[in-house]
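Read the structure below first, then the notes.
What follows draws every value from the coordinates through simple rules; no lab data is involved. Note that the structure is a prediction, hence the values are computed from the model and not measured. A quick note on method: Cβ atoms are made from the backbone with ideal geometry, for glycine too, and the neighbour counts reach across all protein chains shown.
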Amino acid sequence: MPASEFIGWFADIGLGDRARVGGKGGSLGELQRAGIAVPPGFVVLTTAFERFLNGLERKGPIRSLIDGLSADDHAAVSACCAQIRTRVTEEPLPTDLLDEVSSAYAALCGDAGLDAVAVRSSATTEDSADLSFAGLQDTYLWVTSLSQILHRIRTCWASLYSTESVIYRRKSRLPEEGVAMAVVVQKMVNARTAGVMFTRSPMTGDRSVLTVEAAWGLGSSVVGGEVTPDRWVVGKITGDISVREISAKLIQHVPMPGGGIEALPVAETLRDTPSLSDEELQGLRAIARRVEKHYGRPQDIEWAVAHETNEILLLQSRPETVWSGKAAEPVARPASDPHAHVMSVFGGKR
């Protein structure tokens, strides 16, 4: 189905389209175009958000209210954000936008809407190399109807005005005029196993290894910290597994029949069983190397293994920020005497 004013398909977008599709949408399109397997989907573009927000602004200011807030006045930020979120979630979608989202959903899942989708926020300021909004906007899993999708699009937009997100923007001195929200609508993976992997060690910053964390079921249990995942450290080039930590995985997140997810106990026979085989670990290693090479920098990757096919699918890839940020920091304060500055940098080294 061709792109339209308000809809962009993964095959047609990439990181260069961040202003229209946000960080998450741009990454998913970039991965698909690079030949990496991702679940199919589309993005409700920032033009849709702008269309919707402009209609709200005609009834009362929003962006100017945010620009006038102090990051230190948490009470004022909280009160203002609560009012804005209510306005966003209660306002109907314009008819032309509603029609385009409905057509895209039918093209993705069929007129009967038999496939569940994830609805994921994709802010233009998130998951960049300089700023990371991971966790500050919303994701909704196992959404099973058009009416639920339309509601979740609005709640994703509203999450742009969470107290935490607005304080983050005010502290970062981001003008509201440049802030927008796209929304990813993507087929769900009925995951047998899911988790995250880092293409440099999150513990030491070592770029020669890959760290993989995994648990049974959907990856939300790992990302949300509700289960202690299995953990492996794998040589990025050699494939040698230097660390194996198999945890007691007591719960797993699974889809509910009517939509949404629930936490259920893991069968006793599986609790202490590795959630990935060595062959699957090597498959993840190969994919991680391709992704890191494509982006040219260490990555923080979310993935899932499909229950029916055992296919590995990527759900997101974002720049690793912790160690990259440390590497970007100056190793010494500039001194008025250039000789003193050079000695402060190299004096302790041999």
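Loop only by DSSP, 12 or fewer other Cβ within 10 Å of the Cβ. Give me the trypsin sites (Lys or Arg not before Pro) in the range 37-113 that pass, ordered by residue number. Could you put the intermediate results ahead of the total?
Details: sites: Arg51, Arg58, Lys59, Arg63, Arg85, Arg87; in loops: Arg58, Lys59.
Sites meeting the loop and neighbour criteria: Arg58, Lys59.
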Inset, instruction - Quote to one decimal, in nm, the extra length available between Ala19 and His151 on full extension: 0.36 nm per residue of separation minus the C-alpha distance between them. - result: 45.2 nm
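Semi-axes of the equivalent ellipsoid for the range 7-187, please: Cα gyration tensor eigenvalues, times 5, square-rooted, ordered largest first, whole Å.
Details: eigenvalues 147, 72, 35 Å².
Equivalent ellipsoid of the range 7-187: 27, 19, 13 Å, largest first.
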Legend entry - Long-range HN-HN contacts of Ser247 with modeled amide H, under 5 Å: Asp230, Arg231
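So, by mean Cβ neighbours within 10 angstrom, what's the order for 186-196, 280-290 with the highest one leading? Before the final figure, lay out each step's value.
Numbers: 186-196: 22.1, 280-290: 18.0.
Taking the mean over residues of other Cβ atoms within 10 Å, the ranking is 186-196, 280-290.
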Inset, instruction - Which order do the peptides 293-304, 246-257 take when ranked by the mean count of other beta-carbon atoms within 10 Å per residue, highest first? - result: 293-304, 246-257
Inset, instruction - Find how many whole Å separate the alpha carbon centroid of the range 285-327 from the alpha carbon centroid of the range 11-58. - result: 19 Å
Legend entry - CD proxy at 222 nm, helix term only [per DSSP H run n ≥ 4: -39500 (n - 2.57); per residue of the chain; nearest 500]: -11000 deg cm²/dmol
Inset, instruction - Taking amide H positions as placed in the peptide plane 1.01 Å from N, state which residues far from Gln299 in sequence (5 or more) or on other chains have amide H under 5 Å from it. - result: Thr199, Arg200, Glu320
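In this model, which of Lys187/Lys249; Lys24/Lys187; Lys24/Lys293 are farther than 23 Å apart at the alpha-carbon?
Correct reply: Lys187/Lys249.
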Legend entry - Theoretical FRET efficiency, 1/(1+(r/R0)^6), r = Cβ-Cβ of Ala79 and Ser242, R0 45 Å, to 0.05: 0.30
